[in-house]
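Nothing in this text is a laboratory measurement; each read-out follows from the coordinates by a stated rule. In this text, all values refer to a predicted model and were calculated from it rather than measured experimentally. Note that each Cβ is placed from the backbone with ideal geometry, even for glycine, and that neighbours are counted across all protein chains shown.
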Amino acid sequence: MLEPSGLYYPYRFARFYLLGMQDVLGTEGLDAILGLAGLTTYLRDLPPDNMERKFDFSILAALSAALEEWYGARGGRGLSLRIGRSWFDQGLHSFGAFAGMAHPAFLALPLHSRARLGLDALCAIFMQHTDQQMKLTVQDTTYEVSVDVSPMAWGRQADRPVCHALVGLMQACLHYASDGYEYHVYENACRAAGYDDCVFVINQKPIGQTGG
């Protein structure tokens, strides 16, 4: 188990994450990863459904590392992407501005506006409720989301980015805000690989869109 970070998610966010793991891996798969990560306390009970900010980043790092150890680097990456998407669907979509994104007035906005507002909402939720600091920057053809301390990278060393669940989370956020479009999201820099921040790059045009 990694050393505690002193940085935290609220229990409810962690609960959604573990429910996302269970959704993707099944109960037996989740139990195997919890055991491998030394987190057997969660075999019986998920984190409580409240907003106390007490779920240490090191636990999420241990879960991410255990996924790659159990399924291999490629398999762990693919599963983490799916877990990140399910994490959003388990309940994060009901927070903040996301709650109003099914309203006809929001859906009438231009696609690029909805995508940016979705990323803005995601950053705002994590900035308000967690110790994960996020910043959105708009470039000519891309969005960049920087995370100063990613839970998935805490205390880890790797020769490649490891925050795949956050990539999946951003994909799901954009899918929701755009009412069904898929976006290409990738992690361009990662603290686990020696960078100061984890940086995620998102193409402004959704996959398959060729028009202006």
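Within the stretch 110-199, the GluC sites (Glu not before Pro) that combine a DSSP coil assignment with at most 14 other C-beta atoms in a 10 angstrom radius are Glu182. Ranking Ser94, Pro4, Thr130 by Cα position along the charge dipole of the chain, where only Lys, Arg, Asp and Glu carry charges on their C-beta atoms, puts Ser94 farthest toward the positive end. GNM remark for the chain: springs join alpha carbons under 10 Å apart, and the peak mean-square fluctuation among Met51, Met134, Met101 falls on Met51.
In terms of packing, defined here as the mean over residues of other Cβ atoms within 10 angstrom, the peptides 33-45, 168-180 line up highest first as 168-180, 33-45. Net charge dipole, the stretch 42-100: roughly 200 debye, given to the nearest 20, about the Cα centre with Cβ charges of +1 for Lys and Arg and -1 for Asp and Glu. Summary of packing: across the peptides 121-128, 82-89, the per-residue average of other C-beta atoms within 10 Å ranks them, highest first, as 82-89, 121-128. By the helix-only formula, in which each DSSP H run with n ≥ 4 contributes -39500 (n - 2.57) and the sum is divided by residues, the chain has a 222 nm mean residue ellipticity of -15500 deg cm²/dmol. Separation of the stretch 81-97 and the stretch 46-71, taken as the distance between their Cα centroids, equals 15 angstrom.
Distance from a point 7 Å along Cα→Cβ of Leu109 to each backbone N in the stretch 123-154: keep the residues under 13 Å and list them by number. Output list for this probe position: 123-124. Across the stretch 8-90, C-alpha contacts under 8 Å between residues 6 or more apart give a mean separation that, scaled by the residue count, equals a relative contact order of 48 percent. With contacts taken as Cα pairs under 8 Å at a separation of at least 6 residues, the chain carries a relative contact order of 22 percent.
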